[in-house]
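Undergrad: Here you go, one structure.
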Amino acid sequence: MSFSILKQIGDAQKKKAVVDVRSGDTVRVTQKIKEGGKFRLQTFEGVVIRVDRKESHTARIVVRKVTSGVGVEKSYLIHSPLVEKIEITKRSKVRRNNLSYLRERSGKSARLAGKDFDRAAVNDVTVEEEPVDDVAPIAEAEAKTEEKVSVEEAAPAEETKEA
């Protein structure tokens, strides 16, 4: 299989619109959990310590939080159908992609400096629908110009035969 075919398959599985999550963001991830025959929603709120393959259909974030003195990390595939929603609640100023140094820190040393951001605008993931029929009029216009060219080329040749 060629790389272009694999890319098309991967792009078909991507969600149309996702939130631009970065390292240092505090996020609330809502995930579908199957229990028996039913689904329920479970939220997990923590700091994003790693973002992997951001442009790929296998994009992943690692979220960390401390619960009852125990550090808990969960990894989420952003384009997974089980991930319902990712909401950014706080954005922090960080200078690297992998914040694994937060694992050894606790208390005040584990704090990240907050950064102002427009929460409503960042979490708005409405899909801007593109007109699908844009390609058809262009193809029709090209076909018409080709027909005109072929007719114009044929016409002068017929006139010379008559004379």
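Where a number appears in this text, it was derived from the coordinates with a stated rule and is not lab data. Nothing here was measured: the structure is a model prediction, and the numbers come from that model. Cβ atoms come from the backbone with ideal geometry, glycine included; neighbour counts cover every protein chain shown.
Undergrad: Output the peptides 22-29, 46-53, 118-125, 82-89 sorted from most to least packed, where packing is the average of other Cβ atoms within 10 Å over each peptide's residues.
TA: Values: 22-29: 20.1, 46-53: 18.6, 118-125: 11.5, 82-89: 15.8.
Taking the mean over residues of other Cβ atoms within 10 Å, the ranking is 22-29, 46-53, 82-89, 118-125.
Undergrad: Please give the peptides 12-20, 73-81 ranked by average Cβ packing (other Cβ atoms within 10 Å per residue), highest first, as a rough proxy for protection.
TA: On the way: 12-20: 12.3, 73-81: 15.1.
By packing density, highest mean first, the sequence is 73-81, 12-20.
Undergrad: Which links in K7/K65; K16/K65; K7/K74; K14/K34; K7/K115; K34/K115 stretch past 30 Å when you go from one Cα to the other? Working shown, then result.
TA: Numbers: K7/K65 34 Å; K16/K65 28 Å; K7/K74 27 Å; K14/K34 22 Å; K7/K115 36 Å; K34/K115 36 Å.
Going by Cα-Cα distance, K7/K65; K7/K115; K34/K115 fall outside the 30 Å limit.
Undergrad: Expressed in whole Å with the largest first, what are the equivalent ellipsoid semi-axes of the stretch 1-84 derived from the C-alpha gyration tensor as the square root of 5 times each eigenvalue? Write down the numbers at each step before the final one.
TA: Numbers: eigenvalues 135, 62, 20 Å².
Working from the Cα gyration tensor, I get semi-axes of 26, 18, 10 Å.
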